[in-house]
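Let me begin by presenting the structure, written as structure tokens, before commenting on it.
The values are calculated or read from the model by the stated rules, or taken from the named source; none is laboratory data. Quick caveat, the model's predicted, so the values are computed rather than measured. With ideal geometry, Cβ positions are generated from the backbone for all residues, glycine too; neighbour counts draw on all protein chains shown. Surface accessibility is based on the protein's heavy atoms, side chains included, excluding ligands, DNA and RNA. Shrake-Rupley method; radii C 1.70, N 1.55, O 1.52, S 1.80 Å.
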Amino acid sequence: MASPFTVRQAGIASLVAAALILVSQVSQLVLPMVISESFWIATQTLRVGLSLVAMFALLIALTGIYAQQAPATGKLGLVGYLTASLGTVLVAGDWWYEAFIGPMLRQQAPELLNTGISGSILIGAALTFVIFAAGWVIFALASFRAGVAPRGAAVLMLLGGIAGILTLISPFQVPLALAVGWMGLWLVRSDSRENQPARSAATATA
């Protein structure tokens, strides 16, 4: 597979995705302890919007990581990539709803927020959780089997995929964020090692 990114770009995208997810997850845990409930509600679009941007960055990171090891991961890697991509898009869809529809419902129809989840909403939520978790688990297994990326990062990604069954609850995206960040760091360092001989030769020639 021809990579849409350079190795360094894929690594940087992964590091950015990891950082955004960590900031989003930690803020969801810490802010309720230090700010008022009214301010928490008033900033919902901003807070959840950060989670939405993080999912976009995660999708880019996933594409970059897959592109760097696609030949080695084979069909299992492709299945994992496509499933994890779909799951990430579904999670992003939930964050979009929470960011832009949630505040309006809170103001105009607060009783709906207290209604138990059932029917199509329950089915959609279950599919989101299962597809997201399964996709990242399969992708992690393919990465581990291929042995291109650090196997420790693949194991951590596997754990992140399992925790992804509760992906919409903080801090269950943290293990996945750490795994993606680890792979991003590996990609950046790999690029530096590959380019070092060329830079050394250019310096010697000059």
- Query: Just how far, in whole angstrom, is region 1-65 from region 109-163 if you go by their alpha carbon centroids?
  - Reply: 16
- Note on the structure: In degrees, nearest 10, the alpha-carbon axis of helix 151-163 is tilted away from the dominant principal axis of the alpha carbons of the chain by 10
- Rel. contact order, % - alpha carbon contacts under 8 angstrom, at least six apart, region 33-102: 54
- Can you tell me the 0 to 90 degree angle between the C-alpha axis of helix 174-205 and the longest principal axis of the chain, rounded to 10? 30
- Roughly to the nearest percent, how much of the accessible area of region 40-90 is carbon and sulfur, given a 1.4 Å probe? 81
- Message: Using the Cα centre of the chain as the reference point, and only Cβ charges (+1 on K/R, -1 on D/E), how large is the resulting charge dipole? Debye, rounded to the nearest 20.
- Response: 640
- Query: Helix 44-96 versus the longest principal axis of the chain: what is the Cα-based angle in degrees, 0 to 90, to the nearest 10?
  - Reply: 40
- May I ask you to derive the FRET efficiency for Leu127 and Leu46 from their Cβ-Cβ distance with R0 = 45 Å, giving the value to the nearest 0.05? 0.95
- With label points set 7 Å from each Cα along the Cα-to-Cβ direction at Arg151 and Glu111, the distance between them in nm comes to 5.9
- Message: Suppose the chain between Ile101 and Val34 were pulled fully straight at 0.36 nm per residue; how much longer would it get relative to their current alpha carbon spacing?
- Response: 21.6 nm
- Item | Per residue solvent-accessible surface (Å²) - the chain, probe of 1.4 Å | 52
